[in-house]
Amino acid sequence: MVRAGQLAAFPTETVYGLGCDAFNTYALARVFEVKKRPRFDPLIVHIASLDAMERLVDFSRLSAGMEYRLSVLSHALWPGPLTLILPKLRTVPDLATAGLETVAVRFPAHDGALKLIAESTGAIAAPSANPFGYLSPTRAEHVREQLGDAVDVILDGGPADIGIESTVLDISSVAPRILRPGGTPRNVIESLTGPLTAEAPDGKISSPGQLKSHYAPSKELYLHTAAEMCRLEFCPDAAYLFFNQASFKTFAENNGLPSEPSDGGGRFFILSPSGSLTEAASSLFDTLHTIDALPVSLIHAEHPPKEGLGDAINDRLSRAAARLENIRMDC
Ligand code: AMP
Ligand code: MG
């Protein structure tokens, strides 16, 4: 079906993707339509072997330094949740790259995804399989609920392992920098490349994951530090998303509530009882999907620690907290 230009939703280790042949412009246009995604938002091209980069990347535009970083990062971290921005060949359709001179390339660590890519066209362009701006799907059911019949086929690979999108790293210029924090923590990349440049120097958007509001549930979401979260007064019209068991316990004690989250009428959620950032990342979107379907009008969420995968979780929660009206489509 992908070879014939149809759209397939498929599992990866990060989130579910909505994929098509990266070289079929008709299929690419349909991906944008189905997601209601603005055309300025480029897609990630997924590959299943390092050789596949030959069809995508203009190696003649890579300096020795860039080539070295590409080699070190791709050998150490691929397959895995890392997307690399590289100079593109002219033959890569402008639709896939939003007319940019660069292409985003990712080699996913998921057997089903790799099989699909290798046995179809070798290069599958895919954004996350959700309507633009909304929560990313971590299960096939999320895709079915959000995109349904608009997709030609949905491959069900069970819940996503990592559950948060890939880290997008721009290595197409002299100073590499992270455009979107994600499943590969900054310190892991820096241990291979040396220190990375700070995020967007002029605050300009160079990657739509940087839009102030993105990855958002339909309810209002308020973010708090752990200390603030514990001091909140319980409100029956809200759902509460705690980082760990300790925060929930203090909140419950302060409000005279039972100390088991399950006794709270389905209003209390803990991303990782033991406080593991890996577990928290993998349950983030899944939990937000569950909360979004509850009859409450707001969500209180706690910031996890700002280290390792905590960067990506905090990034998603901050964007989920920014109201949709604040999106500037012209930026
Ligand atoms: P998603 O829609 O969640 O798959 O996200 C794809 C991410 O990759 C978006 O944040 C895109 O902006 C980013 N991306 C894809 N291609 C490029 C590119 N050429 N330059 C910068 N960011 C890119
Ligand atoms: Mg997305």
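Structure values in brief
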quantity: Residue count, segment 70-123 (criterion: among the hydroxyl-bearing types (Ser, Thr, Tyr), within 16 Å of ligand 1 (Cβ to nearest atom) and part of a helix (DSSP H, G or I)); calculated: 1
quantity: Which listed residue is modelled with pLDDT under 95 and either under 16 Å from the mean Cα position of the chain (by Cα) or closer than 21 Å to residue 249 by Cα (or both), from 292, 315; calculated: 315
quantity: Single residue of segment 175-199 satisfying the filter (away from ligand 1 (no atom under 16 Å from the Cβ) and assigned to a loop (DSSP other than H, G, I, E, B)) that is surrounded by the most Cβ atoms within 10 Å (Cβ to Cβ); calculated: 185
quantity: Residue in segment 52-62 that is at pLDDT 95 or above, on the phi < 0 side of the Ramachandran plot and basic (Lys, Arg) present; calculated: yes
quantity: Residues of segment 268-286 classified as crowded, with 19+ Cβ neighbours inside 10 Å and either modelled with pLDDT under 90 or not in a helix (DSSP H, G or I) (or both), total; calculated: 5
quantity: One residue from 62, 43, 56, 77 being among the hydrophobic types (A, V, I, L, M, F, W, C), in contact with a Pro (Cβ under 6 Å, 6 or more places away or on another chain), touching a residue at least 24 places away in the same chain (Cβ under 8 Å) and surrounded by 15 or more Cβ atoms within 10 Å (Cβ to Cβ); calculated: 43
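The values are calculated or read from the model by the stated rules, or taken from the named source; none is laboratory data. Every value quoted in this text rests on a predicted model; they were computed, and no experiment measured them. Here Cβ is always computed from backbone atoms with ideal geometry, including for glycine, and neighbour counts include all displayed protein chains.
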